[in-house]
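Worksheet: the structure to be examined is printed underneath.
Values in this text are rule-based calculations from the coordinates and carry no lab data. Because the structure is predicted, anything quoted here is derived from the model rather than measured. Cβ placement follows ideal geometry from the backbone for every residue including glycine, while neighbour counts extend to all protein chains displayed.
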Amino acid sequence: MFLAQGYFNICRRNYLGYFMNQNQRNGAFLLRFYLLLGVMVSAYFFAACNKSPDSSVNFGKVVTASDIDSNNAPTALADTFSTQQKVVYVVAEAKELAPGTRLAAEWAREGTVTQVSNEVTATQGYRNSNIEFHMTPGIDGWVPGRYTVQILVNGQRGPKVAFTIK
């Protein structure tokens, strides 16, 4: 194995040297290095997008919906609702949820927090489950505007989703 590896490297050097001068070889190496670095950084940020702040839960999609089923799965996705909407649901797909994880939702309109849900604690571990938070309008109905819902994981900010009331 050692001899075969050494032979391959010698042949490779000769092959590259035949078609490229030293500057071209350095440039080709740098190009491959930066491409690999870019892929690694992109993969890191993609994986971190839906991670909770303390890794006790790994989120999939977080969506808003006008209705959910008995498993808390969204059945009517929406990001715009009328002022007549009875309930707005936020559903977070939990790919993994560790026991003891505390979750809550912080609802805000136009950047001002309007409500923080009661915190719930996972009594056991869950996989591929839906976590549902919902809000109903106040006595005067929904106030039109841009809303956000920030999921809080063990008191720290997690994923955020936005919707509009018109």
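Annotations for the structure displayed:
- With the largest listed first and rounded to whole Å, the semi-axes of the equivalent ellipsoid of the range 71-126 from the Cα gyration tensor are 25, 16, 9.
- Total formal charge among the other residues, if their Cβ is under 14 angstrom from that of Thr164, Lys/Arg +1 and Asp/Glu -1: +1
- Label-to-label distance, Thr136 versus Thr164, with points set 7 angstrom from Cα along the beta-carbon direction: 2.7 nm.
- The local environment of Tyr89, defined by Cβ-Cβ distances under 10 Å, has a net charge of -2 under the rule Lys, Arg +1 and Asp, Glu -1.
- Extension gain from Asn71 to Arg127, taking 0.36 nm per residue of separation minus the Cα-Cα distance: 18.8 nm
- Local net charge near Ser129, Cβ-Cβ under 15 Å (Lys/Arg +1, Asp/Glu -1): -1
- Sites Thr112 and Asn58 - FRET efficiency at Förster radius 30 Å, r taken between beta-carbons, to 0.05: 0.50
- Ratio Rg/Rh [Cα only; Rh per Kirkwood] for the range 92-166: 1.02
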